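Only one structure is covered here, and it is reproduced in the block below.
The values are calculated or read from the model by the stated rules, or taken from the named source; none is laboratory data. Predicted model, so just to flag it, every value in this text is computed and none were measured. Using ideal geometry, Cβ is built from the backbone for each residue, glycine included, and neighbour counts are taken over all protein chains shown.
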């Protein structure tokens, strides 16, 4: 199984959402719910109309725990419009699709934007990085994901932290940072001095 990455840049998150809206609005709703809630794809696909509200509790199959979810007014309006437009009856599944189909749409939208390693678990990794970025606390992030071990949470947010470091050092080398007065033309090229 290939490892997927989160989408760490706010603009890329919005662009991916907008691209999914163009491809298939249902996929955009799935992505939105995943990034806002941190639910796994199986849990998202089991949501039913009437259970999903502006504020509700969802059951996580893997952990057996309830997770409290609250949408913004705009987010709830987005979901409500989808339910109304497609006239999905009360009690029916909110999304009649498979995880494989969701994966294909996410992969295509990511490819259109030049984002690599995008899949259904991208939502959860994006959520993890967003929680960590806001709280600056690994324990709160672990609790939000319902992870048993902090080490698992660290793996989720590590990609986002590396992205942030790489972005901060864009165009600079490690040699330039350690020895700013040393002429970089004399530093041999190699992976050890690129960040």
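Going through 175, 144, 151 one at a time, which residue ends up being in a helix (DSSP H, G or I) and either more than 30 Å from residue 34 (Cα to Cα) or modelled with pLDDT under 85 (or both)?
175
Taking the conditions exactly as written (in contact with a strand residue (DSSP E or B) (Cβ under 7 Å, 6 or more places away or on another chain), in contact (Cβ under 8 Å) with a residue 12 or more places away in the chain, part of a helix (DSSP H, G or I) and surrounded by fewer than 20 Cβ atoms within 10 Å (Cβ to Cβ)), does residue 69 satisfy them or not?
no
Scan 21, 35, 51 and give me the residue that is out of contact with any helix residue (DSSP H, G or I) (no Cβ under 6 Å at 6 or more places or on another chain) and either under 21 Å from residue 141 (Cβ atoms) or surrounded by 14 or more Cβ atoms within 10 Å (Cβ to Cβ) (or both).
Within the list 21, 35, 51, the selection yields 51.
Here is a check on your reading of the model: is residue 95 over 21 Å from residue 117 (Cα atoms), in contact with a helix residue (DSSP H, G or I) (Cβ under 6 Å, 6 or more places away or on another chain) and part of a loop (DSSP other than H, G, I, E, B)?
Yes, satisfied.
For (1) over 22 Å from residue 133 (Cβ atoms); (2) surrounded by 15 or more Cβ atoms within 10 Å (Cβ to Cβ); (3) touching a strand residue (DSSP E or B) at 6+ places or on another chain (Cβ under 9 Å), each residue gets a yes or a no:
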| position | (1), (2), (3) |
| --- | --- |
| 6 | no, yes, no |
| 55 | yes, no, yes |
| 65 | yes, no, yes |
| 103 | yes, yes, no |
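Only one of 82, 103 is touching a helix residue (DSSP H, G or I) at 6+ places or on another chain (Cβ under 6 Å) and part of a helix (DSSP H, G or I). Can you tell me which?
82
Given the condition over 30 Å from residue 158 (Cα atoms), surrounded by fewer than 16 Cβ atoms within 10 Å (Cβ to Cβ), without any contact (Cβ under 8 Å) to a residue 40 or more places away in the chain and out of contact with any helix residue (DSSP H, G or I) (no Cβ under 8 Å at 6 or more places or on another chain), answer yes or no: does some residue in region 111-118 qualify?
no
Under the condition of being within 21 Å of the chain's Cα centre (by Cα) and surrounded by 17 or more Cβ atoms within 10 Å (Cβ to Cβ), which residue from region 83-100 is nearest to residue 5 (Cα to Cα)?
Step by step, filter region 83-100, then rank; the result is 95.
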